[in-house]
Amino acid sequence: MTHSVATLLADAAAAVPRIDATEARRLQAEGALLLDVRDAPERAASGSVPGSIHVSRGMLEFRADPESAYFDGRFDKGRAVVLYCASGGRSALAGKTLKDMGYAQVFNLGGFKDWAAAGEPVEHDQ
């Protein structure tokens, strides 16, 4: 069975709740991992949500799997994860992947552009 991008995005949206900046900040204050899945040049050009970590979409599975040589110890299946990208598509797909990997509390903040347009703080790497 093949799937279109539209089908994959619909499945991801059904599995991963979309949240707003207020909810993301609350979850972060409670210890959630904020995860930026954009490519490095995007993050460098536009900045990031303060306190978020960068794991490009292409490396997500490797960083999130404790059995991988590339595992990032900040990932914990018992910890809430809030993802974002540029407009919300990659973060939805990434969130669905994390759910499939056993992460139970996964949320999609959507697009960084929405965060910034709402006047939320933006951090620039130095």
Asp11 passes all but one of (1) of a type in the set (D, E, K, R); (2) open to solvent by 60 Å² or more (accessible area, probe 1.4 Å); (3) not in a helix (DSSP H, G or I); which number fails? (3)
Reported set for region 78-104 where residues are buried (at least 23 other Cβ atoms within 10 Å of the Cβ), in contact with a Lys or Arg (Cβ under 7 Å, 6 or more places away or on another chain) and among the aliphatic types (A, V, I, L, M) is Ala94
Kindly indicate whether any position in region 57-65 is without any contact (Cβ under 8 Å) to a residue 40 or more places away in the chain, crowded, with 17+ Cβ neighbours inside 10 Å, among the aliphatic types (A, V, I, L, M) and touching a Phe, Trp or Tyr at 6+ places or on another chain (Cβ under 6 Å). yes
Region 29-54 residues that are in contact (Cβ under 8 Å) with a residue 60 or more places away in the chain, paired with ones that are polar (S, T, N, Q) and outside any helix (DSSP H, G or I) (beta carbon under 8 Å, 6 or more apart): Ala32/Gln105; Leu34/Ser52; Asp36/Ser48; Asp36/Ser52; Arg38/Ser56
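The values are calculated or read from the model by the stated rules, or taken from the named source; none is laboratory data. These numbers were taken from a predicted model, which means no experiment stands behind them. We place every Cβ from the backbone using ideal geometry, glycine too, and count neighbours over all the protein chains shown. Ligands, DNA and RNA are stripped out before the accessible areas are found, and what is left, the full protein with its side chains, is counted by its heavy atoms. Shrake-Rupley method; radii C 1.70, N 1.55, O 1.52, S 1.80 Å.
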